[in-house]
Amino acid sequence: MPNEEVSLAREKSIIEWLEYCAQQADVVYLMGDIFDFWFEYKKVVPRGFVRFLGTLAKITDNGTRVVMFPGNHDLWLSEYLVKECGVELIKKELVVEHYGRRFFLHHGDGLGPGDNSYKVLKKIFLARFARFLFRWLHPDIGVAMAHRFSKKSRLAQNPKEDNYLGDQQEYLTQFAIAHAQENQTNPIDYYIFGHRHLVLDVHIGEKSRYINLGEWLHGSQYAAFDGETIELLNWPSNTAAVHKNV
């Protein structure tokens, strides 16, 4: 998006960021929608992304852990990136502790109340029969069709014009609030999501924060945890990202 030239420049920027992270990070989490579309045929994977995939393989070969979550655009991620690139693939939520802080990690799609039509659609897409049927489409047809729908979805979203809808209207905020209330004896320090396409830092009660990483179509933000606290930053300047702090 919006064309090959801009997409290639973005890919190179992401590669530079990955190489920077590999110099100091214990683990890198990629929180979904890395690809606009991904499907693994038995003998074929989608064209493109060679530089990105090669970088993943290089940094994991050198000992950096890379954990990837499927998003709603690339929910058909499977074993190829695990076997060829050395990533760890997590297809559901992950609760993990780093330096005494507890993290709840998920792409964010399907969490919280509402959005029922998407939840039904996701179950259909994840069914083996759906993948079986799609596999019978020639890649020139199936991948092109998927990219057309994906591009339409991307064009409909512009985080610069979007607004935080408030705690009672944001599905992920509602999910984090409910989850935090249910887990007060063993609280989560940070809920980390993508999906919403807004850079957010939302306080959940007195102890927790919901961090949304935004996206790299209109910006280039990431979150860095230094063992004490988490910070939202812009790449490549590593300056504090502009976000909505609620």
Three principal axis lengths of the stretch 63-123 [C-alpha, angstrom, descending]: 41, 32, 12
Let me spell out the model: positive unit charges on the Cβ of Lys and Arg, negative unit charges on the Cβ of Asp and Glu, origin at the Cα centre of the chain. What dipole size does that give, in debye rounded to 20? 1020 debye
Global form of the stretch 195-246, assessed from the alpha-carbon gyration tensor, a/c cut-off 1.5: oblate
Using the Kirkwood formula over every pair of different C-alpha atoms, what hydrodynamic radius in Å results for the stretch 1-118? 15.5 Å
Among LEU213, THR239, PRO113, the residue whose Cα sits farthest towards the positive end of the charge dipole of the chain (+1 at Cβ of Lys and Arg, -1 at Cβ of Asp and Glu, taken about the Cα centre) is PRO113
Gain on full stretching of the segment that runs from ARG131 to ASP61 - 0.36 nm per residue minus C-alpha separation: 22.1 nm
For HIS73, distant residues with modelled amide H under 5 Å away: ASP33
Calculated from DSSP helices alone, with each H run of at least 4 adding -39500 (n - 2.57) and the total divided by the residues of the chain, [θ]222 nm to the nearest 500 comes to -11000 deg cm²/dmol
In the P(r) worked out for the chain, what percent of Cα pairs fall beyond 33 Å? 17 percent
Output the relative contact order of the stretch 4-245, whole-number percent, from Cα pairs under 8 angstrom with separation of 6+ residues. 16 percent
Long pairs among LYS12/LYS207; LYS91/LYS119; LYS123/LYS207; LYS42/LYS122; LYS42/LYS91, criterion Cα-Cα beyond 26 Å: LYS12/LYS207; LYS123/LYS207
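Taken together, the values in this text are just the output of simple stated rules run on the coordinates, not laboratory data. This is a predicted model, so every value here is computed, not measured. Note that we place each Cβ from the backbone using ideal geometry, even for glycine, and neighbour counts take in every protein chain shown.
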